[in-house]
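**Student:** Once you've had a glance at the structure underneath, I'll fire off some questions.
The values are calculated or read from the model by the stated rules, or taken from the named source; none is laboratory data. From a predicted model like this one, the values you see are computed outputs, not experimental measurements. As a convention, Cβ positions derive from the backbone with ideal geometry for all residues, glycine included, and neighbour counts pool all protein chains shown.
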Amino acid sequence: MENISLFKIFDERNQLWEDFRKRNLTQEFELISISKFTSNRRVFTNGKRVFKVNYVGSNKNEYKKSKLINEYEILIRLNDKINFNPLYKTVEPGWEVLEMKLLKGETLFSLMQHNILNKISLFVLVKSLWMLSKRGICHGDLSLENIILTESKEICFFDYEDSSHTGIINALFCNLFAISPNKVHDFCLMTILNAYFSEESGFSRKLFRVVYWIYTKARNLVNRILIVKRINIKINNISTIGMDNDSPSYEKIAKLTKAWEIASDSDANSPGESIAYYAIDFNNQKFFGERPWELRWLAIKGKIKVENKKFLEMGCNMGLLSIFLKNEGAISCTAVDHDKKILESAKLISEAFQVQDITFLDIDFDVDPGWELKIDGHDIVSCLSVINWVKDKERLLNFLGKHNELLFEGHDSYEMEVVRLKKIGFKNFQILMKSERGRELIWATK
Ligand SMILES: C[S@@+](CC[C@H](N)C(=O)[O-])C[C@H]1O[C@@H](n2cnc3c(N)ncnc32)[C@H](O)[C@@H]1O
């Protein structure tokens with residue numbers, strides 16, 4: 001790997017996708033998702049059909065173990081239960097497409113966020129997982145974004161890229177407990193219940209915490225015994241894939257590896273889960289997380305003008321927005337979070353990207369008495385998925401209202417967020433994207 005800029009990898013890849021899109025998809029198709037595992041798999045929809053596109057380039061091995069063929073085979077197996085009406089084709093050399101029906105409904109993520117996921121739906125979920133397991137299907141990525149409650153109150157799973165067809169017992173262990181002899185899984189029924197009970201209060205929450213603690217220890221132990229070989233392979237990959245130990249590229253990747261380890265360990269992400277907030281992909285090197293950074297970035301890049309402006313990122317987590325906007329020409333960026341570990345991770349990432357002039361500040365908006373004065377005087381402010389976590393929301397909103405340009409993502413509906421932002425003086429609103437979590441990314445100006 002030569003020492004090229006990490007930004008350049010992003011730009012070249014996105015140009016490749018833009019060209020493919022122009023050649024093969026009509027205007028009405030919008031990008032709705034990028035895989036957390038690789039930026040080479042993206043999902044587009046025209047509101048009726050879903051087009052999952054995989055770029056395999058000239059790598060013939062990729063075809064052999066193609067995730068899309070895998071998913072296609074699983075969808076065919078499920079055909080009598082849910083008719084996805086799947087079609088698999090290679091549209092151009094190097095580009096394969098899995099086309100299927102778009103499922104309509106609300107994701108469990110969105111239901112949970114709006115506190116409308118109830119025990120009845122959880123019961124239906126368990127029943128549906130039993131049905132899936134009975135067919136010997138291990139889903140492999142049961143995150144809340146991959147499960148839908150349809151209008152007819154049925155639970156449906158999608159995104160079967162990492163699924164496998166196996167025996168009932170294996171499938172049950174995989175779907176319920178993320179225990180599997182073949183793969184390391186992160187999401188299963190237990191992680192869904194953990195997210196659900198974290199939102200509850202009182203005894204049930206405390207009881208589940210204990211259950212979940214015992215479960216994670218047991219799962220890690222069993223998985224470690226089962227997958228000892230795989231872990232060794234993973235460690236070797238990090239230190240050797242196409243890299244020379246003395247090259248700056250190696251240094252960058254080593255910094256990112258460290259940063260992702262710290263982020264996975266921090267409490268600034270899903271409570272109790274050992275996973276970083278953002279996933280990022282540099283072709284040969286992939287860093288896993290809850291959400292793909294590139295999807296977020298593509299919605300923002302070029303839409304807001306940062307040249308010669310001072311940018312403030314509130315609740316910055318891994319600081320990626322500040323890093324990318326600094327590269328787009330912001331005079332300075334200030335990135336603020338109350339989690340020391342995540343700030344350490346953000347600093348390492350900015351070093352890997354070789355971006356200077358970012359000030360990282362450790363501030364808690366609920367505890368620090370005069371935090372407003374410490375971060376006064378910026379032109380553009382961002383507050384993405386932060387307000388929900390802060391107790392004194394009025395104070396935070398009043399501070400946001402001092403700025404002329406705001407990038408905002410809340411947890412409520414677009415209409416409710418607009419009412420909120422109008423109260424603090426914003427007049428013009430533009431939706432930059434609806435995220436894979438069903439939230440609008442809003443660009444607000446005065
Ligand atoms: C869900 S993450 C969002 C990350 C980032 N803004 C994004 O969406 O790309 C929320 C972040 O806000 C930070 N945060 C939560 N409460 C905070 C507080 N009271 N003061 C400062 N930061 C806080 C968390 O540590 C976490 O990094």
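**Student:** Taking into account only those residues within the stretch 306-316 that are more than 25 Å from the chain's Cα centre (by Cα) and part of a loop (DSSP other than H, G, I, E, B), which is nearest to the ligand (Cβ to nearest atom)? Before the answer, list the steps.
**Tutor:** Within the stretch 306-316, the first condition is being more than 25 Å from the chain's Cα centre (by Cα), and the residues that meet it are 307-310.
Cutting the leftovers down to part of a loop (DSSP other than H, G, I, E, B) gives us 307-309.
Numbers: GLU307: 22, ASN308: 23, LYS309: 18 Å.
Checked the stretch 306-316; the qualifying residue nearest to the ligand (Cβ to nearest atom) is LYS309.
**Student:** In the stretch 256-287, what count of residues is obtained for those that are in a loop (DSSP other than H, G, I, E, B) and either within 16 Å of the ligand (Cβ to nearest atom) or assigned by TED's automatic domain parsing to the domain that holds ARG41 (or both)? Working first, answer last.
**Tutor:** Restricting attention to the stretch 256-287, the residues satisfying the condition of being in a loop (DSSP other than H, G, I, E, B) are 266-275, 283-284.
Cutting the leftovers down to either within 16 Å of the ligand (Cβ to nearest atom) or assigned by TED's automatic domain parsing to the domain that holds ARG41 (or both) gives us 266-275.
Result for the stretch 256-287: 10.
**Student:** Taking the stretch 1-41 only, how many residues are surrounded by fewer than 16 Cβ atoms within 10 Å (Cβ to Cβ) and farther than 25 Å from GLY438 by Cα?
**Tutor:** Qualifying residue count, the stretch 1-41: 14.
**Student:** Of all residues in the stretch 317-328, count the ones that are more than 10 Å from the ligand (Cβ to nearest atom) and either assigned to a loop (DSSP other than H, G, I, E, B) or outside the structural domain of PHE365 (by TED's automatic domain parsing) (or both).
**Tutor:** Looking only at that region, the number is 1.
**Student:** Among the residues of the stretch 355-364, is there at least one that is under 24 Å from LYS301 (Cβ atoms) and among the polar types (S, T, N, Q)?
**Tutor:** Residues of the stretch 355-364 that are under 24 Å from LYS301 (Cβ atoms), as a first pass: 355-360.
Within this subset, residues satisfying the condition of being among the polar types (S, T, N, Q) are 356, 359.
Yes.
**Student:** Give the stretch 177-221 a look and list any residue that's among the polar types (S, T, N, Q), loosely packed, with under 14 Cβ neighbours inside 10 Å and assigned to a helix (DSSP H, G or I), or say none.
**Tutor:** Within the stretch 177-221, the first condition is being among the polar types (S, T, N, Q), and the residues that meet it are 180, 182, 191, 194, 198, 201, 204, 216, 220.
Checking which are loosely packed, with under 14 Cβ neighbours inside 10 Å leaves us with 201, 204, 220.
Within the stretch 177-221, SER204, ASN220 qualify.
**Student:** Suppose we keep only residues that are of a type in the set (A, V, I, L, M, F, W, C) and over 15 Å from PHE109 (Cα atoms) within the stretch 191-214. Which one would you say is modelled with the lowest pLDDT?
**Tutor:** Of the stretch 191-214, the ones of a type in the set (A, V, I, L, M, F, W, C) are 192-193, 195, 197, 203, 207-208, 210-211, 213-214.
Checking the rest, the ones that are also over 15 Å from PHE109 (Cα atoms) come to 203, 207-208, 210-211, 213-214.
Values: PHE203: 85, LEU207: 90, PHE208: 89, VAL210: 92, VAL211: 93, TRP213: 91, ILE214: 93.
The residue in question is PHE203.
**Student:** So, of the residues in the stretch 288-305 that are within 9 Å of the ligand (Cβ to nearest atom) and among the basic types (Lys, Arg), which turns out to be farthest from the chain's Cα centre (by Cα)?
**Tutor:** ARG296
**Student:** Please go through the stretch 285-323 and give me each residue that is in contact (Cβ under 8 Å) with a residue 40 or more places away in the chain, hydrophobic (A, V, I, L, M, F, W, C), surrounded by fewer than 23 Cβ atoms within 10 Å (Cβ to Cβ) and over 17 Å from ASP379 (Cβ atoms), ordered by number.
**Tutor:** PHE288, LEU295, TRP297, LEU298, ALA299, LEU320
**Student:** Show me the helices (runs of 4 or more DSSP H) found entirely inside the stretch 329-446 where at least 3 residues are of a type in the set (A, V, I, L, M, F, W, C) and within 12 Å of the ligand (Cβ to nearest atom).
**Tutor:** It comes to 340-352.
**Student:** If you check every pair at least six apart or on different chains, which have Cβ atoms under 7 Å apart with a residue in the stretch 377-398 that is within 13 Å of MET314 (Cβ to Cβ) and of a type in the set (Ser, Thr, Tyr) first and a residue that is within 11 Å of the ligand (Cβ to nearest atom) and modelled with pLDDT of 95 or more second?
**Tutor:** Close Cβ pairs (under 7 Å, with a partner that is within 11 Å of the ligand (Cβ to nearest atom) and modelled with pLDDT of 95 or more) amount to SER382/GLU313; SER382/MET314; SER382/LEU321; SER382/LEU407; SER385/GLU409.
**Student:** Please enumerate the residues belonging to the stretch 156-174 that are among the hydroxyl-bearing types (Ser, Thr, Tyr) and either part of a helix (DSSP H, G or I) or buried (at least 22 other Cβ atoms within 10 Å of the Cβ) (or both).
**Tutor:** Within the stretch 156-174, the subset among the hydroxyl-bearing types (Ser, Thr, Tyr) is 160, 163-164, 166.
If the condition is that a residue be among the hydroxyl-bearing types (Ser, Thr, Tyr) and either part of a helix (DSSP H, G or I) or buried (at least 22 other Cβ atoms within 10 Å of the Cβ) (or both), then TYR160, SER163 are the ones that fit.
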